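See below for the structure under consideration.
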Amino acid sequence: MLIDFETEARKIVNDEVTESKRPRTLLESEELDLDHFAGEVARLVKNYDNLLDMEKMLVDKAEEFLTQRYSAEEGERLVDKLETQHDISIKSVDASEEGSTLDTPLAVGAGSGGE
């Protein structure tokens, strides 16, 4: 996920240098738009509970662990036991069905522009 943020932030800097039509230095090709990167990290921090399903990730990891070390049946049995004995039911929710109510941070300089 952070790699995606970095890629986007580096692309912004590279696009800005390309638009200026001057040769890019090695240092510039390694730069990133820290404002963009920080904004993406802030969005993740502020909305992690909406963006990351920790319960599902933990159950998936435990199921994967048992599947790899023992068998797929053992992984399935774990999921069944979690559901029947511990009231932990992990349901898959499609992101497009869920709808997004995330707060997106404003970009620097975004506003009414009255000044």
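Bear in mind that the values in this text are calculations on the coordinates, not laboratory data. Predicted model, so just to flag it, every value in this text is computed and none were measured. Heads up, the Cβs are rebuilt from the backbone with ideal geometry, glycines too, and the neighbour counts pull from every protein chain shown.
Quick notes on this one:
- Qualifying lysines (Cα of each under 22 Å from Cα of Lys46; at least 8 residues distant if same chain): Lys56
- A Förster radius of 22 Å, combined with the Cβ-Cβ distance separating Lys61 from Glu83, puts the computed FRET efficiency at roughly 0.85.
- For Lys91, Lys81, Lys46, the sequence from fewest to most other C-beta atoms within 10 Å is Lys91, Lys81, Lys46.
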